[in-house]
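The structure under discussion appears below in the form of structure tokens.
Coordinate-derived values only; no laboratory data. Just so we're clear, the structure is a prediction, and the values are computed from it rather than from any experiment. Cβ: placed from backbone, ideal geometry, glycine included. Neighbour counts: every protein chain shown.
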Amino acid sequence: MIKVLNLYAGIGGNRKLWENVDVTAVELDPDIAKIYQDFFPDDKVIVADAHQYLLEHYSEFDFIWSSPPCPSHSRARYWGSFGDGRTKIYPDMKLYQEIIFLQHYSKNRWVVENVIGYYKPLIEPQKISRHYFWANFYIPKIDSKTLFSPKDSLPTLEKIYGVNLKKCNPGFDKRVVLRNMVNPELGKHIFDCAFANKDIINYTNQLLLVGGE
């Protein structure tokens with residue numbers, strides 16, 4: 001069984017189709033963590049700061065998936081800071097802290113996911129659909145068109161992802177939570193790619209250097 005660390009786990013869209021795994025999921029919001037635990041009762045769910053948990057426990061797992069918060073990097077948030085008066089904010093550089101840390105310290109398979117940003121990435125990612133992926137293995141592209149539009153309703157999103165939040169009554173926007181999910185089929189594709197070869201390719205370490213040098 002593969003030991004997996006699922007950071008910033010949300011409600012577990014990326015994890016939904018993984019099999020033969022022993023998962024530790026870390027989520028800061030206790031309401032969202034409860035939903036995750038309901039969906040995946042066999043996973044170990046920890047309510048904690050995923051960024052710090054990674055630093056302290058990265059060596060204990062065979063595979064690490066990290067999805068740091070994306071709003072400060074997203075094009076929509078950037079455009080909104082001009083169009084609808086949202087406060088301008090710094091990009092949260094914990095994203096790159098984790099990538100650089102894993103590049104240099106992790107001996108096992110890992111991937112860091114985020115949205116396509118409004119600026120040129122400081123470390124070149126692999127790009128699939130609406131996501132950037134930094135990983136130490138190669139991820140072949142698949143037909144993964146964006147499966148929702150900004151106007152999709154909550155029931156439509158629940159149908160797309162096979163997730164039912166009707167019994168949940170959390171203090172957050174359910175539609176936003178679903179829009180932030182990684183498509184489960186894409187999550188499975190990336191997980192399968194990580195273990196497609198016996199040896200780690202170290203794709204990021206070899207090819208995706210800062211500044212392209």
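Under 13 Å from a label point set 7 Å out along the Cα-to-Cβ vector of Val47, the amide N atoms of segment 1-32 belong to 27-32.
Please work out how much length the chain gains when fully extended from Asp31 to Lys3, using 0.36 nm per residue of separation minus the C-alpha to C-alpha distance, in nm with one decimal.
Working: separation 28, 0.36 × 28 = 10.08 nm, distance 2.46 nm.
Roughly 7.6 nm would be gained on extension.
Counting neighbouring beta carbons within 10 Å and listing from fewest to most, the residues Glu124, Glu27 come out as Glu124, Glu27.
Between Phe40 and any residue 5 or more places off or on another chain, the built amide H atoms are never under 5 Å apart. Take the Cβ-Cβ distance between Glu56 and Ala196 as r, set R0 to 41 Å, and report the resulting FRET efficiency rounded to the nearest 0.05. Calculated transfer efficiency: 0.90.
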